[in-house]
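Asker: Got a structure here, written out as structure tokens. Questions coming.
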Amino acid sequence: MPVSRPTMPFPEQALSPRDFAFLSRLVYERSRICLGPEHRPLVASRLARHLRSLGCAGFSDYCAILDAPTGTDEIEFLIDTITTNHTHFFRERAHFELLAGHLLPTLGPRAATAGRPLRIWSAAAASGEEPYSLAIVMAEFARRHPLPAWRVFASDISRRMVERCRLGIYEAGKVALPTADLLPRYFRRGFGPREGYYRVRPEIRRAVTVEAVNLFQDPYPVPEALDVVFCRNVMIYFDAPSRAQLVGRLFEQLAPGGYLVIGHTESLLDLRHPFSQLSPSVYTRPL
Ligand SMILES: C[S@@+](CC[C@H](N)C(=O)[O-])C[C@H]1O[C@@H](n2cnc3c(N)ncnc32)[C@H](O)[C@@H]1O
């Protein structure tokens, strides 16, 4: 008689401290995301269904798959599953107002004088709401003021997020924009099977280059001499040495006079870094 494998519910207890240590070490090595013991239940619950779909009898089986030379795709899945991708359009609105009101009026002429496009990088873009918000700000600014050619680069470590960002399709209820006129100007309403969704208009999607990038890879596949880097709500997942390394890399990636914007709840206070601080979450590379 065939022996069927027990279908375990994979409760938190089923993820042993040893297997959790293996998973958290792997996640740290690949992404620098720190998983403390308090994350064990979260990791167990996020992976449970996937383990069942793979037919694993438990987490030790899963660790063995990851550890095998063929485990590369599975490691990507693990990183996708572990990352927290919460975001929304115009999140932390003050940063977008600062960009339109104070940064673009000086950065635009500077890029024009240098004879190059203005370049902004959304370095932990998640599903794309941040880079498309940036592109909308740029397009709106360009309607009223002279602005050289511009591009937004969007990237994330999660392949799943990169795909969603490229698609640029969002549930209607989630497309909350600062003013009502922006919706028809920058989004197309879905019909038929896409009823209830909006898609970013092609001219804006074309202005945004989307790629999978690990913030700890070297080199970055984005241009140097960037004008602005939005690296928001991702450093909270990294330890101090990783944040220091990242901030140093972002400094090098910016043009002199360029800006680094981090999340409102983040801080560089505990790090040695070469930036000048403009406000708690906005830094500049001195000219
Ligand atoms: C909470 S979201 C932030 C989204 C957006 N920046 C915002 O503020 O709304 C954090 C994103 O960082 C990404 N991330 C985590 N570690 C990363 C790494 N090492 N390299 C690139 N992206 C990473 C995650 O995949 C996730 O989509």
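The values are calculated or read from the model by the stated rules, or taken from the named source; none is laboratory data. On a predicted model such as this, the values are computed, not experimentally measured, just so you know. Quick reminder, even Gly has a Cβ in these numbers, built from the backbone with ideal geometry, and neighbours come from all protein chains shown.
Asker: Which residue pairs have Cβ atoms closer than 7 Å, lie 6 or more positions apart in sequence or on different chains, and pair a first residue in region 103-116 that is charged (D, E, K, R) with a second residue that is part of a helix (DSSP H, G or I)?
Answerer: If the second residue must be part of a helix (DSSP H, G or I), no pairs are left.
Asker: Any idea which of (1) surrounded by 20 or more Cβ atoms within 10 Å (Cβ to Cβ); (2) under 23 Å from the mean Cα position of the chain (by Cα) is the one Asp80 doesn't satisfy?
Answerer: (1)
Asker: Can you find even one residue in region 160-167 that is within 10 Å of the ligand (Cβ to nearest atom), closer than 24 Å to Tyr198 by Cβ, assigned to a helix (DSSP H, G or I) and β-branched (Val, Ile, Thr)?
Answerer: There is at least one residue in region 160-167 that is within 10 Å of the ligand (Cβ to nearest atom), closer than 24 Å to Tyr198 by Cβ, assigned to a helix (DSSP H, G or I) and β-branched (Val, Ile, Thr).
Asker: List every residue pair whose Cβ atoms lie under 6 Å apart, where the two residues are 6 or more positions apart in sequence or sit on different chains, the first residue falls within region 203-220 and is of a type in the set (S, T, N, Q), and the second residue, located anywhere, is within 14 Å of the ligand (Cβ to nearest atom) and part of a loop (DSSP other than H, G, I, E, B).
Answerer: The qualifying pairs are Asn214/Ile157.
Asker: What residue, of Ala111, Ala68, is at pLDDT below 95 and either hydrophobic (A, V, I, L, M, F, W, C) or more than 30 Å from Ala135 (Cβ to Cβ) (or both)?
Answerer: Answer to the selection: Ala68.
Asker: Which of the helices (runs of 4 or more DSSP H) found entirely inside region 39-144 contain at least 2 residues meeting this: among the small types (Gly, Ala, Ser) and not assigned by TED's automatic domain parsing to the domain that holds Leu215?
Answerer: On the way: elements: 40-54, 59-67, 72-82, 93-98, 104-114, 129-144.
Once the helices (runs of 4 or more DSSP H) in region 39-144 are filtered for at least 2 residues that are among the small types (Gly, Ala, Ser) and not assigned by TED's automatic domain parsing to the domain that holds Leu215, what remains is 40-54, 59-67.
Asker: Kindly indicate which of Arg189, Arg194, Arg185, Arg151 is away from the ligand (no atom under 16 Å from the Cβ), at pLDDT 95 or above and out of contact with any Asp or Glu (no Cβ under 9 Å at 6 or more places or on another chain). Walk me through it before giving the result.
Answerer: Working: Arg189 fails: out of contact with any Asp or Glu (no Cβ under 9 Å at 6 or more places or on another chain); Arg194 fails: at pLDDT 95 or above; Arg185 fails: out of contact with any Asp or Glu (no Cβ under 9 Å at 6 or more places or on another chain).
Of the residues listed, the single one that is away from the ligand (no atom under 16 Å from the Cβ), at pLDDT 95 or above and out of contact with any Asp or Glu (no Cβ under 9 Å at 6 or more places or on another chain) is Arg151.
Asker: Let me ask another. Could you identify the single residue in Ala225, Ala244 that is in contact (Cβ under 8 Å) with a residue 40 or more places away in the chain, away from the ligand (no atom under 12 Å from the Cβ) and over 15 Å from the mean Cα position of the chain (by Cα)?
Answerer: None of the others qualify; the one that does is Ala225.
Asker: Okay, moving on. Kindly evaluate Asp270 against the criterion of being in contact with a helix residue (DSSP H, G or I) (Cβ under 7 Å, 6 or more places away or on another chain), more than 20 Å from Leu103 (Cα to Cα) and in a loop (DSSP other than H, G, I, E, B).
Answerer: Yes.
A quick yes/no check of all residues on (1) at pLDDT below 95; (2) farther than 30 Å from Leu147 by Cβ; (3) out of contact with any Phe, Trp or Tyr (no Cβ under 9 Å at 6 or more places or on another chain):
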position	(1), (2), (3)
Met8	yes, yes, yes
Arg25	no, yes, yes
Cys63	no, yes, no
Thr81	yes, yes, yes
Phe89	no, no, no
Phe96	no, no, no
Leu99	no, no, no
Pro105	no, no, no
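Asker: Please pick out the residue among Phe141, Phe89 that is surrounded by fewer than 22 Cβ atoms within 10 Å (Cβ to Cβ), closer than 27 Å to Asp181 by Cβ and near the ligand (Cβ under 10 Å from one of its atoms).
Answerer: Being surrounded by fewer than 22 Cβ atoms within 10 Å (Cβ to Cβ), closer than 27 Å to Asp181 by Cβ and near the ligand (Cβ under 10 Å from one of its atoms) holds for just one of Phe141, Phe89, which is Phe89.
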